[in-house]
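Peer 1: Sharing a structure below in structure tokens format, with a few things to ask.
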Amino acid sequence: MGNSTSIARRSKRSWSSLANPFSQAPPVEKSPVQRPIEKILIANRGEIACRIIKTARSLGLKTVAVYSDADRNSLHVRRADEAVFIGPATCPLLPSSTLLVALEPMQSIPAAISLMGDKSASKKLMSGANVPVVPGYHGDDQSHELLQSEADRIGYPVLIKPVLGGGGKGMRIVHSRDEFLDSLRSALRESAAAFGDTRVLIEKYIAQPRHIEVQIFGDRFGNVVHLFERDCSVQRRHQKIIEEAPAPLMSDDFRNSIGQAAVNAAKAVNYENAGTVEFIVDTATGDFFFMEMNTRLQVEHPVTEMVTRQDLVEWQIRVANGESLPLEQKSIPLQGHAFEARVYAENVPRGFLPAAGVLYHYNPPTASSTVRIETGVEQSDAVAGLPTNIHFLKKLAKHPAFRAGDLETQLLDFSERAKRDVKSFAALAAVGVCVRESFRRPESRTGGPWHTTSGFRVNNPYTRKISLDWMPESESLSCEPMSLDVTYSSDSEFLVKIHLVSNTAKRVASSGCDITVDINGISSTISYGYYLQKSAYHIHV
């Protein structure tokens, strides 16, 4: 998803700054007919485009971005050396009538992409390459009767998956024979709409799996290595939420076995450049099975870079330039531990609906040797709405199973909607207004000290009325304006009354837009965002 920010955090084990991995590379072997790369067209948008521009610039290469009417002012367009307009917002990303790209002949790569894009063909190939696959049916006969009989043979529960595509579209879990035909028809309709293809495969459904993927790399000289694994088990509707490298609770023997299987998979298709081989691990037996191979560098690659100290985009550029891999398998380091959380502009209480609008307040953590930010947005960009999944990610990180490394893809259960204490948040918003005003310089207030909005009064505590219009993030809540009475008990304490309900809030400490408060005896750190929109001041708690 383009409108996202990824935050990769590494455990605090020190190391030197990221070194150029190619400084110790073997002698470069170049194709005698290939011209060196001087400029890179980035046929993508958002976060990953900005990521590629960063490495290309460090190598002295020029970059070309593409954009439509919808993203002409996007961050990747501003950062690229050149930008090419490709049409209105509804046009395909790269219409051939608008943009013509000349590529060097790289026949092995399109062949691998085509083969691995077909899940049935790829699993047949993997079976012959000593890579374990999930028991299932991957045949050409797509009659409903045969698919039903194959599901019966495999044993329920089974998983119906489209041969093409990804992202969970067209996938159905079938728990019994009676459900199969209805689930099949539903899967076929969704597959046809999403991918223009109705071929499916049937596999045994692993009830409590882990999703483990292995980063691999190959060059044109037949060298293939893996850069260890990532755990991507924490998912919602087959979409990854948190990625972790290396995978927790994994033995060295298992790591070596799954890494070698990934290398075997890449060699089976003579794969060149970056790829990810994805496996499903049965938590009951410990067995792992090949799922699919993604023939690209994925969003979660930063966690691999942080624990191996390699720049994988630089690897891609150098391999595409005809060079051999910079490191042998035994020379690739594995140090520390890293997590990546995907921050999306989405409304969690409303079923994770995507949000769109202007990003009025953007306050990412500070990047450091242990914190890495990959983003495609800046403040004021018209690409992300205020609702985000940050609160959800924080709760997820505190989940006992997550903290223990006891992960599987069914960890998250969204059967119950999140419930919000609206009055408490309104009280916090009112406190935020008061605290923000106390930060202002006295001379900036009109009317002198007799009209100040600070808490200082000579004899009596000051009480003020605040009216809040508010926007709920859950459709189950009303959004009537609220009237609040805020009493300044002292410079750091406030009594907030909303109708007949009262909450006390004490400002314990503040730093920037974060305020530590004590609300009815419970201490919390609250983040505030203030911005001006349509001539009105807004506060986001």
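Peer 1: Hey, any hits in segment 66-75 for a residue that's over 21 Å from Glu378 (Cβ atoms), at pLDDT 90 or above and in a strand (DSSP E or B)? Give the steps one after another, and end with the answer.
Peer 2: Of the residues in segment 66-75, the ones over 21 Å from Glu378 (Cβ atoms) are none.
The answer is no, given that none of the residues of segment 66-75 is over 21 Å from Glu378 (Cβ atoms), at pLDDT 90 or above and in a strand (DSSP E or B).
Peer 1: With segment 259-364 as the region, which strands (runs of 3 or more DSSP E) entirely inside it contain at least 3 residues that are open to solvent by 30 Å² or more (accessible area, probe 1.4 Å)?
Peer 2: Values: elements: 273-282, 288-294, 338-344.
In segment 259-364, the matching strands (runs of 3 or more DSSP E) lie at 288-294.
Peer 1: Collect the residues in segment 160-178 that are surrounded by 15 or more Cβ atoms within 10 Å (Cβ to Cβ) and either among the charged types (D, E, K, R) or touching a Leu at 6+ places or on another chain (Cβ under 9 Å) (or both), keeping them in residue-number order.
Peer 2: Correct list: Ile160, Lys161, Pro162, Val163, Lys169, Gly170, Met171, Arg172, Val174.
Peer 1: For segment 267-302, give me the residue count where each residue is under 18 Å from the mean Cα position of the chain (by Cα) and basic (Lys, Arg).
Peer 2: Number of matching residues: 1.
Peer 1: State the number of residues belonging to segment 224-265 that are of a type in the set (D, E, K, R) and closer than 15 Å to Thr276 by Cβ. Write out each step before concluding.
Peer 2: Step one: of segment 224-265, the residues of a type in the set (D, E, K, R) are 229-231, 236-237, 240, 243-244, 252-253, 255.
Within this subset, residues satisfying the condition of being closer than 15 Å to Thr276 by Cβ are 229-231, 240, 243-244.
So the count comes out to 6.
Peer 1: Still on this structure, please answer the following. How about segment 118-140: which of its residues are closer than 21 Å to Leu188 by Cβ and either in the same structural domain as Arg296 (by the TED database) or touching an Asp or Glu at 6+ places or on another chain (Cβ under 9 Å) (or both)?
Peer 2: Applying the first criterion (closer than 21 Å to Leu188 by Cβ) to segment 118-140 yields 118-123, 134, 136-140.
Lys119, Ser120, Ser122, Lys123, Val134, Gly136, Tyr137, His138, Gly139 - these are the residues of segment 118-140 that are closer than 21 Å to Leu188 by Cβ and either in the same structural domain as Arg296 (by the TED database) or touching an Asp or Glu at 6+ places or on another chain (Cβ under 9 Å) (or both).
Peer 1: Any chance segment 312-331 includes a residue that's among the aromatic types (Phe, Trp, Tyr), over 15 Å from the mean Cα position of the chain (by Cα) and outside the structural domain of Pro246 (by the TED database)?
Peer 2: No: zero hits.
Yes/no matrix, rows are residues, columns are (1) under 30 Å from Val307 (Cβ atoms); (2) open to solvent by less than 10 Å² (accessible area, probe 1.4 Å); (3) in a strand (DSSP E or B):
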| site | (1), (2), (3) |
| --- | --- |
| Arg153 | no, no, no |
| Thr198 | no, no, no |
| Leu201 | no, yes, yes |
| Glu213 | yes, yes, yes |
| Ile216 | yes, yes, yes |
| Glu229 | yes, yes, yes |
| Gln235 | yes, no, yes |
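Peer 1: Something else about it: Checking Val383 against (1) part of a strand (DSSP E or B); (2) within 19 Å of the chain's Cα centre (by Cα), only one condition comes out false. Which one?
Peer 2: Just one mismatch for Val383, condition (1).
Peer 1: Here is a further query. So, in segment 246-258, how many residues would count as being more than 24 Å from the chain's Cα centre (by Cα), assigned to a loop (DSSP other than H, G, I, E, B) and at pLDDT 95 or above?
Peer 2: Of the residues in segment 246-258, 0 are more than 24 Å from the chain's Cα centre (by Cα), assigned to a loop (DSSP other than H, G, I, E, B) and at pLDDT 95 or above.
Peer 1: Hey, another quick one. Consider segment 55-78. How many of its residues are out of contact with any Asp or Glu (no Cβ under 6 Å at 6 or more places or on another chain) and without any contact (Cβ under 8 Å) to a residue 40 or more places away in the chain? Walk me through it before giving the result.
Peer 2: Restricting attention to segment 55-78, the residues satisfying the condition of being out of contact with any Asp or Glu (no Cβ under 6 Å at 6 or more places or on another chain) are 56-61, 65-74, 76-78.
Then drop every residue that is not without any contact (Cβ under 8 Å) to a residue 40 or more places away in the chain, which leaves 57, 60, 65-70, 72, 77-78.
Going through segment 55-78 one residue at a time, the tally reaches 11.
Peer 1: Can Leu181 be described as in contact with a strand residue (DSSP E or B) (Cβ under 8 Å, 6 or more places away or on another chain), farther than 18 Å from Val133 by Cα and not in a strand (DSSP E or B)?
Peer 2: no
Peer 1: Sort through Ala536, Ala427 and tell me the only one that's among the aliphatic types (A, V, I, L, M), surrounded by fewer than 16 Cβ atoms within 10 Å (Cβ to Cβ) and modelled with pLDDT of 70 or more.
Peer 2: When all the criteria are applied, what remains is Ala536.
Peer 1: I would also like to ask the following. Filter segment 53-83 for residues that are aliphatic (A, V, I, L, M) and open to solvent by 40 Å² or more (accessible area, probe 1.4 Å); which is nearest to Asn321 (Cα to Cα)?
Peer 2: Once the filter is applied, the top-ranked residue is Leu59.
Peer 1: State all residues of segment 365-381 that are over 20 Å from Asp71 (Cβ atoms), hydroxyl-bearing (Ser, Thr, Tyr) and either open to solvent by 50 Å² or more (accessible area, probe 1.4 Å) or in contact with a helix residue (DSSP H, G or I) (Cβ under 8 Å, 6 or more places away or on another chain) (or both); if no residue qualifies, say none.
Peer 2: Hits for segment 365-381 are Thr366, Ser368, Ser369.
Peer 1: Is it the case, given these coordinates, that Arg436 is basic (Lys, Arg), more than 27 Å from Gly351 (Cβ to Cβ) and either in contact with a Leu (Cβ under 7 Å, 6 or more places away or on another chain) or modelled with pLDDT of 70 or more (or both)?
Peer 2: Yes; evaluated as a whole, the condition is true for this residue.
The values are calculated or read from the model by the stated rules, or taken from the named source; none is laboratory data. Owing to the predicted nature of the structure, the values given are computational and were not obtained by experimental measurement. Counting neighbours? That spans all protein chains shown, and the Cβs are built from the backbone with ideal geometry, glycine included. With ligands, DNA and RNA removed, areas are computed over all heavy atoms of the protein, side chains included. Shrake-Rupley method; radii C 1.70, N 1.55, O 1.52, S 1.80 Å.
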